[in-house]
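Encoded as C-alpha cells, the structure appears first; notes follow it.
The values are calculated or read from the model by the stated rules, or taken from the named source; none is laboratory data. Keep in mind it's a predicted model, so treat the numbers as computed, not measured. Here the Cβ is made from the backbone with ideal geometry for all residues, glycine too, and neighbour counts use every protein chain on show. Side chains are part of the model used for accessible areas, which takes the heavy atoms of the whole protein and leaves out ligands, DNA and RNA. Shrake-Rupley method; radii C 1.70, N 1.55, O 1.52, S 1.80 Å.
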Amino acid sequence: MDLRRVKDEDKLDLCRKYYIGGFAFLPFLWFVNSVWFFNEAFRKPAYEQQKMIRTYVIRCMIGTVLWVGAIVAWVTVFQLNRAEWGATADYMSFIIPQGIP
C-alpha cells in the first residue's frame, strides 16, 4: 500500500490497528508499524492526525525494544542453564541435543 494515496484519517486508523494488534503477542506488528509510519510521524509537514500517529509510532518502538530485550534475555538464560534444569528444560525444548556418543 502506498501511504501517499491514503487519507490522513485512514493512516491514523491503520496505525492504531497495528498498535493494538501488537498487544496480541505480535511484536512484529509494532516493528512494522514503526518502520512504515516513521516518515509520516516525523518527516512530513504537520497535519491534524500526525500527533497521534507519532504517539503510536513511539509506543511501537518502545514495545519492540522491550520485546526484543525480553526474548534475548530469555534465550540467553535458557541456553546458559538448559543442562542444569534437566527434564524441565527438556520439556520446554523442541530439539533435545543428543550430546557426545
Subject >> Per residue, in Å², the accessible surface of the chain once ligands and nucleic acids are set aside, probe 1.4 Å >> reply: 75 Å²
Original post:
Which trypsin sites (Lys or Arg not before Pro) does region 9-44 hold that lie in a coil by DSSP with at most 12 other beta carbons within 10 Å?
Top reply: Arg43
Original post:
Of the accessible area of the chain, with the probe set at 1.4 angstrom, what percent is carbon plus sulfur?
Top reply: 65 percent
Subject >> Per-pair calculated FRET efficiency, R0 = 22 Å: Arg59 and Asp13 via Cβ, rounded to 0.05 >> reply: 0.85
Subject >> Asp90, Asp10, reordered so the largest accessible area comes first (probe 1.4 Å) >> reply: Asp10, Asp90
**OP:** Sum -39500 (n - 2.57) across every DSSP H segment of at least 4 residues in the chain, then divide by the residue count to get the 222 nm mean residue ellipticity, nearest 500.
**Re:** -24500 deg cm²/dmol
Original post:
Straight-line reach from Lys51: which aspartates and glutamates have Cα under 16 Å away, leaving out those fewer than 8 places along the same chain?
Top reply: Asp8, Glu9, Asp10, Asp13, Glu40
**OP:** Might you work out the accessible area of Val65 for me, using a 1.4 Å probe with all protein chains in place, and round it to the nearest 10 Å²?
**Re:** 100 Å²
